[in-house]
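Worksheet: the structure to be examined is printed underneath.
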Amino acid sequence: QVQLVETGGGLVQAGGSLNLSCVASGSIFRINAMGWYRQAPGKQRELVAAGTSGGSTNYADSVKGRFTISRDNAKNTVYLQMNSLKPEDTAVYYCNAQIVRRFDVRTLSYWGQGTQVTVSS
């Protein structure tokens, strides 16, 4: 069994900052990519930022220069530092990880439960 648990969401004023964390636990052999997605009401889930175990990262154009994704591979944790937040960043943020479990050869996609980020104007 593998679990992803996110923390760090909340309410913040425009221009403020939040730091999200996501910890993966369970029967994990290797974590490949880890990333953050978000879903606003009435909209599709979209990629915010992702990072590989080798350190490569990619970002949605809307968050470039404001958000930073980082990983602590030893702790199976991914972070999302969000600065200069805007009301349009309001959404439920989900952690995603591409994980190979012990005694398995497949790479499976896992999701966290989501954490609400609300940015007031």
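The values are calculated or read from the model by the stated rules, or taken from the named source; none is laboratory data. From a predicted model like this one, the values you see are computed outputs, not experimental measurements. When we count neighbours, we look across all protein chains shown, and the Cβ atoms used for this are built from the backbone with ideal geometry, even at glycine. Side chains included, ligands, DNA and RNA excluded: accessible areas come from the protein's heavy atoms. Shrake-Rupley method; radii C 1.70, N 1.55, O 1.52, S 1.80 Å.
For region 52-63, indicate whether the set of residues that are in contact (Cβ under 8 Å) with a residue 40 or more places away in the chain and of a type outside the set (Phe, Trp, Tyr) is non-empty. The answer is no, given that none of the residues of region 52-63 is in contact (Cβ under 8 Å) with a residue 40 or more places away in the chain and of a type outside the set (Phe, Trp, Tyr). Tell me which of these Leu108 doesn't satisfy, since it passes every other one: (1) part of a strand (DSSP E or B); (2) within 15 Å of the chain's Cα centre (by Cα); (3) not β-branched (Val, Ile, Thr). Result: Leu108 passes all but (2).
Answer yes or no: is there a residue in region 83-95 that is loosely packed, with under 12 Cβ neighbours inside 10 Å and assigned to a strand (DSSP E or B). Looking for residues that are loosely packed, with under 12 Cβ neighbours inside 10 Å and assigned to a strand (DSSP E or B), one finds none in region 83-95, hence no.
Just for region 53-82: of the residues that are open to solvent by 60 Å² or more (accessible area, probe 1.4 Å) and part of a loop (DSSP other than H, G, I, E, B), which one is nearest to Gly26 (Cα to Cα)? By that ranking, first place goes to Ser53.
If the condition is being among the hydrophobic types (A, V, I, L, M, F, W, C) and out of contact with any Leu (no Cβ under 8 Å at 6 or more places or on another chain), then region 3-48 contributes Leu4, Val5, Leu11, Ile28, Phe29, Ile31, Ala33, Met34, Ala40, Leu47. The listed residues are Asn19, Asn32, and the only one of them that is of a type outside the set (A, V, I, L, M), at pLDDT below 95 and either open to solvent by 30 Å² or more (accessible area, probe 1.4 Å) or in contact with a Pro (Cβ under 6 Å, 6 or more places away or on another chain) (or both) turns out to be Asn32. In region 37-48, the qualifying residues are those that are farther than 16 Å from Ser17 by Cα and part of a strand (DSSP E or B), and the one that is least open to solvent (accessible area, probe 1.4 Å) is Arg38. With respect to the conditions (1) outside any strand (DSSP E or B); (2) open to solvent by 60 Å² or more (accessible area, probe 1.4 Å); (3) over 28 Å from Gln1 (Cβ atoms), Phe103 falls short on a single one, namely (3).
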